[in-house]
Amino acid sequence: MHNIAMLQKELIAASTEPLILSLLSQGESYGYALIQRVRELSGDKIQWTDGMLYPVLHRLERQGRIKSQWKMAETGRKRKYYSILKDGRAALAEAKEQWRIVDDALKLLWSAPHVRT
Amino acid sequence: MFELETAINQWRRQIESAWRRDAAAMAELEDHLREEFAALVHAGHAEEDAWRLATVKFGDPTAIAGELAKVHRLSTADRAVLVVMVGAALSVIGVLGWVLRGVDSSLTSQPLLASHVVTITLGYVAGLLAAVAAAYAIMRTLVRPASTAALQHATLAVVRSASVAASGLSLVGFVLGAVWAQDEWGRAFSADPKEIGALFVIIAFASLAIVAWRRPASTRMPLAIAACGGGLVLAAWFGAASMTADGAALLQAIGFGGLALSLGLAALALAIIDRRCDAPLERRAPLP
């Protein structure tokens, strides 16, 4: 794991699936493009070890949350594209809700720094 | 002088030393590396430098292969089904051999005929095993399309071995039968339904063995051929035997009808149990 922002490993691991599902909910994509998009969105602060994305994608596919299809890429080579399935959208909705709960709680705490706990 | 193809082959070997199950997954990883390499070269890196950077960013091949192996591990339920199928096939061979030996004394007095019956029985049971395993994998894929990649590859391994056994043993049995017929009836081949059926079985499973041993990227075709091959075995055995009013043939027909039914029911029951009991894979995500 190479991480400029030194995010905790647990945080990176927990956010991987929601990130993948969110990106795929915007349209089909493939491994390399997903990595580039996450880098771009996070301003290079989330940098995955590229190869470790694939076991995550394969597990999501095995769970029936995403599906894959081989298509011809512009390079002339076959490329595996992933798209989100109904179960994936449901998992994403659940993840969003959970992340919002954490986000709201932290925002409340951090917006009132003088309140003692 | 840096050679991209050589470098990719070396890198592939590193992954394959830890995990070599899925040609499609390898192609996907390779596609990623090629794209990263091209992007780095485009950004001005020398080829050798670009390859080194791309592989460092990609991560340790052994660790990635280990994670892929975990994801694609065959579920306990599927392993149990395959073991039960092989066990059932072996048990039926034993029971059938015992029944045939007890009922038809002509088999023990004619070693050549007995060898023919035993060999062709083994060949047909191997064919039925391939068919039932393939039918199970197809059924699981239809019922629940997700999480069947590992099962399909494991089934293909069973089909590969079983199709070689089915075609090889049926061929030997066919030849032994021809030699016996030459001695007894004065002609090796009479084009009767049993012989024609056996020829079809031999051709079908020999073709399947060739397709399955080529390690195809898609398991669909070999599994479909194997499932159809089972129908052919049943038709050859049950159909042809019931057309002749011969006691031993009828016994064989009953034995194989029962075998097919029991294996089919076992596979169906276990598929239902598997579907109900297989817990969703909610293991903690590996770190990307």
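Couple of notes before you dig in:
- Tail beyond 17 Å, pair distance distribution of chain A (Cα, percent): 61
- B:S190 sits with roughly 40 Å² accessible to a 1.4 Å probe, with DNA, RNA and ligands left out of the calculation.
- Nitroxide proxy distance, nm - points 7 Å out along Cα→Cβ at A:L41 and B:E184: 7.4
- Rounded if a/c under 1.5, otherwise prolate or oblate - the stretch A:11-54, Cα gyration tensor axes: rounded
- Listed by chain and number, the lysines whose C-alpha is less than 28 Å from the C-alpha of A:K80, apart from same-chain residues fewer than 8 away, are A:K9, A:K45, A:K67, A:K71, A:K96, B:K57, B:K70.
- Estimated FRET transfer efficiency when R0 is 51 angstrom, pair B:V86-B:E30 (beta carbons, to 0.05): 0.90
- Once C-alpha pairs closer than 8 Å and six or more residues apart are averaged by separation and normalised to the residue number of chain A, the relative contact order reads 27 percent.
The values are calculated or read from the model by the stated rules, or taken from the named source; none is laboratory data. Note that the coordinates shown come from a computational prediction; the quantities given were computed from them, not determined experimentally. We place every Cβ from the backbone using ideal geometry, glycine too, and count neighbours over all the protein chains shown. Note: accessible area is taken over every heavy atom of the protein model, side chains too, but ligands, DNA and RNA are not part of it. Shrake-Rupley method; radii C 1.70, N 1.55, O 1.52, S 1.80 Å.
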